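Below is one structure, written out as structure tokens; comments come after it.
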Amino acid sequence: MADKMLVTQALDERDLLVKKIGDKIKKASFTDVKKHNEEKVMEARLTEDDYKKNAESAYQQILDLINRFQKIDAAIVASNASTMIHTSFGDYTVAGAISLRSRMRGTGSFDEAADFEQLLYDKMKSEMDNRLVMMESKNKQLETTAESMRLSILGKDSKTKDDKPLEVVATYVKENTTELVDPLDIKKKIEEISEKRDKLLSELDTQIKVSNATTFIEI
């Protein structure tokens with residue numbers, strides 16, 4: 001008769017089986033040595049018949065546990081491939097949601113190289129910050145140059161109110177002012193990427209947990 005359990009229970013048992021199988025393999029003994037004139041094997045200190053029974057039993061127990069693990073794992077994989085979850089950004093199979101979450105956290109097959117949203121955010125943010133620093137620096141240099149031009153035209157202590165010569169300086173400043181070229185409204189895009197990424201990851205976490213706690217599988 002098949003066992004029916006929640007995916008959360010199956011995940012817990014699968015984790016337990018990994019440890020249990022590993023421990024069984026470490027503790028098992030499948031070969032020993034014995035002198036012809038002695039009844040007991042040297043390491044286990046059992047008779048050859050008892051040692052044989054123990055070895056055969058341990059081997060079979062390990063195979064049975066591995067088989068149990070495989071059945072649980074296959075049932076989880078099959079369930080994840082067919083069970084749907086819903087987020088604000090679309091619907092996914094549980095398998096797809098797990099894969100997406102892993103990718104966005106940099107824990108998948110490609111590590112951080114596939115966390116495209118974070119890579120894009122970092123690139124845009126870094127470039128914007130650098131360009132703003134560059135723009136501020138260039139405009140400060142321009143203002144210093146313009147001030148020198150004003151002093152040259154009027155004299156440091158000049159009291160004249162004739163601004164016509166200063167129009168040349170104003171024109172120079174206008175033509176040489178550095179500005180940010182921002183076709184995407186990059187600050188808004190950066191905020192959108194960050195907010196969407198955080199919200200989607202949160203929803204994926206929640207929906208995967210809910211699905212695992214409410215979906216039954218049969219082993």
For the range 41-88, how many residues meet the condition of being over 30 Å from Met5 (Cβ atoms), among the basic types (Lys, Arg) and modelled with pLDDT of 95 or more? 2
Within the range 159-173, which residues are assigned to a helix (DSSP H, G or I) and either at pLDDT 95 or above or of a type in the set (Val, Ile, Thr) (or both)? Val168, Val169, Thr171, Val173
Can you find a residue that is more than 30 Å from Gly90 (Cα to Cα), part of a helix (DSSP H, G or I) and among the hydroxyl-bearing types (Ser, Thr, Tyr) anywhere in the range 148-158? yes
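Does Ser211 qualify as being more than 30 Å from Ala2 (Cα to Cα) and among the polar types (S, T, N, Q)?
No.
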Please specify each residue of the range 179-193 satisfying the condition of being in a loop (DSSP other than H, G, I, E, B) and either of a type in the set (Asp, Glu) or not assigned by TED's automatic domain parsing to the domain that holds Lys125 (or both). Glu179, Asp182, Asp185
Taking the conditions exactly as written (under 30 Å from Glu112 (Cβ atoms) and modelled with pLDDT of 95 or more), does Ala28 satisfy them or not? no
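The values are calculated or read from the model by the stated rules, or taken from the named source; none is laboratory data. All values reported here derive from a predicted model rather than from experimental measurement. Here Cβ is always computed from backbone atoms with ideal geometry, including for glycine, and neighbour counts include all displayed protein chains.
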